[in-house]
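Okay, so here's the structure we're looking at.
None of the figures in this text is laboratory data; all of them are computed from the coordinates on show. Quick caveat: nothing in here was measured; it's all calculated off a predicted structure. Please note: Cβ atoms are built from the backbone with ideal geometry, for glycine as well, and neighbour counts cover all protein chains shown.
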Amino acid sequence: MNNPNLNKKFFYSFLFLYFILGIYLSLNVGITHDESHNFYVWELNKKKLVNLFLNGNFDVSSLDTYHGYYGVGFYLISTIIELPINIILDNFEVLETSKALLSKHPTVFIFFFISGLYLNKIIYLITQNKEYSYLSSVFYFSYPYLLGHSFFNVKDIPFMSVWLICTFYFIDILINYLKKKRVKETKIILLSLVTAYLFSIRISGILIFIEYLIFLIIFLSSFKIDFKIFIKFFYKKIVLFSLLFLLLLYLFHPNYWNDPFKFFYAIEFMSKHVQSVCTTTLGECMKAQNLPSSYIPIWLFFKLPLLIIFGLFLFPIYEKKIFSQKNNLFLIGSLLSSVLIIIFFLILFNVNLYDELRQILFILPLIFIISLSTIYFYSRKISYMLLIFFSLYFLFQNIKIYPYNYIWLNNFTHLTKINGVFELDYWGVSTKKISNFLNKRNLERENCIISNRNEGIEVFTIDKNRCFKSFDNLHKNNERPFYIALLERGLKKGVPNGCENIHNEKININFSNEELILAKIYVCN
């Protein structure tokens, strides 16, 4: 690590290869259960724009229901990126509707890729060590859980990525004020842009203002800055930010154009979002509507890499050494306080969460930064070795479990086991694998397929006239032979008599001997 230029070249070479490979891998995962609904909402918003500007006559009444409360900011960017992607997808044997969904996957990965670059920037601000910030990004990029989500999760990964971008630019503004006693208006404009865009993805972007406030309070306190002098300097910029933020917030939500108050309706609806599903957590099916306070800590404990947990364990031991530097008190202290306070509020107000940590992925990069910075200040030499070791370990894990990287849990599961203890393929990434298996069976066209995820399997089916029946028909008098595919949370569904299990989609995690069954296929003769 003695040649900065060489290390920079290696890092940029890694980024190039990682970017190309990530785009390719994102196009080869199944279509998950949320993608169709999110795309449907975007199509409604597009039709509304056509009605407004091109005298269209589309029915968009559904936007006046809960559908209209979902943000579509992701698609404002993906629509541009997917144009060249569609040229690639023309060579795929999939339905046109599935091309529209698959073409969004690379954009999700690009968001994740950008988030890693900003994680690099923030860790450099803390450590002032480029080599360590490079290694930290490589480790972050290799983390199976987030990498797996980056192949398909059109909501949570973009939201997480933009949150991290907002965090960097807010820090950048405060540091510029501290060092130069001036802040360019372009930085204020940029912050208002990315903050408004964050809201356009998820209305829960409102939580970013908690982080902004915490950073501001700790900044003023750490550097003993007079509040009145600070406000005197910033009041015009605060007005600029506020006005531009509100304007962009409005522009990024086409559904709010005829009624800006829908913004407040969306906050109210999403804060009380009705979700009846339960998430298997340490063997207990925890209901989204009534989560115990242990839900978030349990999932963080089993989802965070051991290295990150190690760094968090070190923090209270080396807190005084770390916070002896004002810069660390400001940056690490603000990040830590933001994470703890947001988690506290989520637990206090019993916010509905489900599918493990998907709605709060945005706190994971912040936790990474806190932990990796702590390890660096603990021992520079040891921190380098640990990052290299775990990055290589994750490399093997990612190859072994693809495309189910997001299912990954840390090695503590050797003590608890995983089957029946934690959620498995709850997004339904296995749809493509199941479809490929059925394609190879050369089924007769009249041999129907019954599944709890027909739409996810059908788009990858070669025979576009294949018979599919809804899951409601499972125990009816179906003409035999027929096939049953059980995915996601439907693995334990009972099947009719005379049905034989012919395939199980399964993986092993962390070199464990425990086989995780993600999907099942039966033939009923």
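Can you sort SER204, SER512, SER373 by how many other beta carbons sit within 10 Å, fewest first?
Least to most surrounded, the residues fall as SER512, SER204, SER373.
Alpha carbons only, please: Rg and Dmax for the range 37-182, in angstrom.
Computed over the Cα atoms of the range 37-182, radius of gyration and Dmax are 19.2, 58 Å.
Take SER391, SER115 and order them by how many other Cβ atoms sit within 10 Å, fewest up front. Display every interim value, and only then the final one.
On the way: SER391 19, SER115 26.
With the fewest neighbours first, SER391, SER115 line up as SER391, SER115.
Which whole-percent values make up P(r) of the range 431-524 when all C-alpha to C-alpha distances are grouped in 5 Å steps starting at zero?
The calculated distribution, bin by bin, is 2, 13, 26, 25, 18, 8, 4, 2, 0.
Considering only DSSP beta bridges where both residues belong to the chain, give the percentage that are antiparallel (nearest 5).
Working: 18 of 23 bridges.
Of those bridges, close to 80 percent are antiparallel.
Taking a ≥ b ≥ c as the square roots of the eigenvalues of the Cα gyration tensor of the range 255-377, is the shape rounded (a/c under 1.5), prolate (a/b larger than b/c) or oblate?
Numbers: a/c = 2.94, a/b = 1.52, b/c = 1.93.
Because a/c hits 1.5 or more and a/b fails to exceed b/c, the range 255-377 counts as oblate.
With the cut-off at 35 Å, report for the chain the share of all Cα pairs above it, as a whole percent.
Summing the P(r) of the chain above 35 Å gives 39 percent of all pairs.
What number, rounded to the nearest 500 deg cm²/dmol, is the helix-based mean residue ellipticity at 222 nm of the chain, given -39500 (n - 2.57) per DSSP H run of at least four residues and division by all its residues? Walk me through the numbers on the way to the answer.
Details: 20 runs with 306 residues, N = 525.
Taken over the chain, the calculation gives -19000 deg cm²/dmol.
Looking at PHE151, PHE345, LEU335, which one has the Cα that reaches farthest to the positive end of the dipole of the chain (charges on Cβ: Lys, Arg +1; Asp, Glu -1)?
LEU335
Cross-link partners among lysines for LYS262, C-alpha distance below 24 Å, same-chain residues fewer than 8 apart left out?
Answer for LYS262, where 24 Å is the Cα cut-off: LYS46, LYS47, LYS48, LYS155, LYS272, listed by chain and number.
What is the magnitude of the charge dipole of the chain about its Cα centre, with +1 placed on the Cβ of each Lys and Arg, -1 on the Cβ of each Asp and Glu, and no other charges, expressed in debye to the nearest 20?
1920
Across the range 431-524, how many lysine pairs, 8 or more apart or on two chains, come within less than 12 Å at their alpha-carbon atoms?
Working: LYS433/LYS506; LYS433/LYS520; LYS492/LYS520; LYS493/LYS520; LYS506/LYS520.
Total qualifying Lys-Lys pairs in the range 431-524 comes to 5.
Relative contact order (percent) for the chain, with alpha-carbon contacts under 8 angstrom and 6 or more residues of separation?
Rounded, it is 17 percent for the chain.
Between GLN289 and LYS232, how high is the FRET efficiency from 1/(1 + (r/R0)^6) when r is the Cβ-Cβ distance and R₀ = 45 Å? Nearest 0.05.
0.40
Quick one, what does Rg over Rh come out to for the range 336-421 if you take C-alpha atoms and the Kirkwood Rh? Walk me through the intermediate numbers first.
Working: Rg = 16.0 Å, Rh = 15.7 Å.
When Rh is taken as the Kirkwood radius, the ratio is 1.02.
Report the extension gain between VAL421 and LEU392 in nm, rounded to one decimal, defined as 0.36 nm multiplied by the number of residues separating them, less their alpha carbon distance.
Contour length minus Cα-Cα distance gives 7.7 nm.
Around LEU518, which amide H atoms from residues at least 5 apart in sequence, or from another chain, sit under 5 Å from its own amide H, with H modelled in the peptide plane?
It is GLU505, LYS506, ILE507, by chain and number.
If neighbour count is taken as other Cβ atoms inside 10 Å, put ILE175, ILE450 in order from fewest to most.
Ordered by Cβ neighbours within 10 Å, fewest first: ILE175, ILE450.
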